[in-house]
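Asks: Let me give you the structure first, and then I'll get to my questions.
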Amino acid sequence: MKCKILRNLESKAEKTSTIDKTRAAVKDLHSRIRVAIHRIDSISKRIEELRDRELQPQLEELIEGLNRMWEVMHECHKLQFQIMSASYNNSHARITMHSELRRQITSYLENELHFLSSSFTKWIEAQKSYLEAINGWIHKCVPLQQKSFKRKRRPQSELLIQYGPPIYATCDVWLKKIATLPVKDVVDSIKSLASDTARFLPYKDKNQGNGADSNIGGEPDG
């Protein structure tokens, strides 16, 4: 705008003082713009350093931690399954306990399964939201320039994933992997197990306060 005013003044041969004043304002504005560009460039470089030197290693560390967590959980669940299978197949392993204690344990297990189902869903959603936020932020960095105008333009996101820093590919692959997880199947299985567990609650003891002993895993009381 200032440049346009200056050109108009010069073309109309206005007073020298007016032109000089406008020219000084234009130079001052130009200097401010250069300073602002320099600051923006410095901030952009700092953001890139944070992205590549701090955020990327932290994401890699998080991925390794999640891998270790799932490996440990797999081993724990496998051991639990082996113990349960051995107990089920051993006809002499009959554990008796007071019906009230059985009711409390069964009810506690049912509640924990419902809590696990809810927590698992929230955990996956939180992980997805976290990655989407990071992915959205890193894509606001300086865009890559197209090398050729003859070829069909490719989406900037594809170029960043293929040619940009590793963090773009990391987030892209991670988000795609999350999208393929059978979250609903897992949640439905946990809920189904909770429902099956509830069937073993000693309703007769629960409703009437019967003190007879019962076997864990036995048939539901009539």
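The values are calculated or read from the model by the stated rules, or taken from the named source; none is laboratory data. Quantities reported herein were computed from a predicted structural model and do not represent experimental measurements. Ideal geometry is used to build each Cβ from the backbone, glycine not excepted, and the neighbour counts take in all protein chains shown.
Asks: Kindly indicate whether any position in region 36-48 is within 22 Å of the chain's Cα centre (by Cα), under 27 Å from I161 (Cβ atoms) and either modelled with pLDDT of 80 or more or assigned to a helix (DSSP H, G or I) (or both). Give the derivation first.
Replies: From region 36-48, those within 22 Å of the chain's Cα centre (by Cα) are 47-48; that's our starting set.
From the residues that got through so far, the ones that are under 27 Å from I161 (Cβ atoms) too are 47-48.
When the remaining residues are screened for being either modelled with pLDDT of 80 or more or assigned to a helix (DSSP H, G or I) (or both), the result is 47-48.
The answer is yes, given that some residue of region 36-48 is within 22 Å of the chain's Cα centre (by Cα), under 27 Å from I161 (Cβ atoms) and either modelled with pLDDT of 80 or more or assigned to a helix (DSSP H, G or I) (or both).
Asks: When only residues in region 168-195 that are surrounded by 12 or more Cβ atoms within 10 Å (Cβ to Cβ) and among the acidic types (D, E) count, which is modelled with the highest pLDDT?
Replies: Within region 168-195, the match that is modelled with the highest pLDDT is D188.
Asks: Further, regarding this structure: Looking at region 79-115, which of the residues that are among the basic types (K, R) and out of contact with any helix residue (DSSP H, G or I) (no Cβ under 6 Å at 6 or more places or on another chain) is modelled with the highest pLDDT? Outline the logic, then answer.
Replies: Going residue by residue through region 79-115, those that are among the basic types (K, R) are 94, 102-103.
From the residues that got through so far, the ones that are out of contact with any helix residue (DSSP H, G or I) (no Cβ under 6 Å at 6 or more places or on another chain) too are 94, 102.
On the way: R94: 58, R102: 77.
By that ranking, first place goes to R102.
Asks: Can we say I63 is surrounded by 11 or more Cβ atoms within 10 Å (Cβ to Cβ) and touching a Ser or Thr at 6+ places or on another chain (Cβ under 9 Å)? Spell out how you get there, then give the answer.
Replies: Numbers: surrounded by 11 or more Cβ atoms within 10 Å (Cβ to Cβ): yes; touching a Ser or Thr at 6+ places or on another chain (Cβ under 9 Å): yes.
Against the criterion (surrounded by 11 or more Cβ atoms within 10 Å (Cβ to Cβ) and touching a Ser or Thr at 6+ places or on another chain (Cβ under 9 Å)), I63 qualifies.
Asks: Here's another thing I want to ask about it. Go through S11, S118 for me and flag whichever is of a type outside the set (V, I, T) and at pLDDT below 90. Break it down into steps so the answer makes sense when it comes.
Replies: Values: S118 fails: at pLDDT below 90.
From the options S11, S118, the qualifying one is S11.
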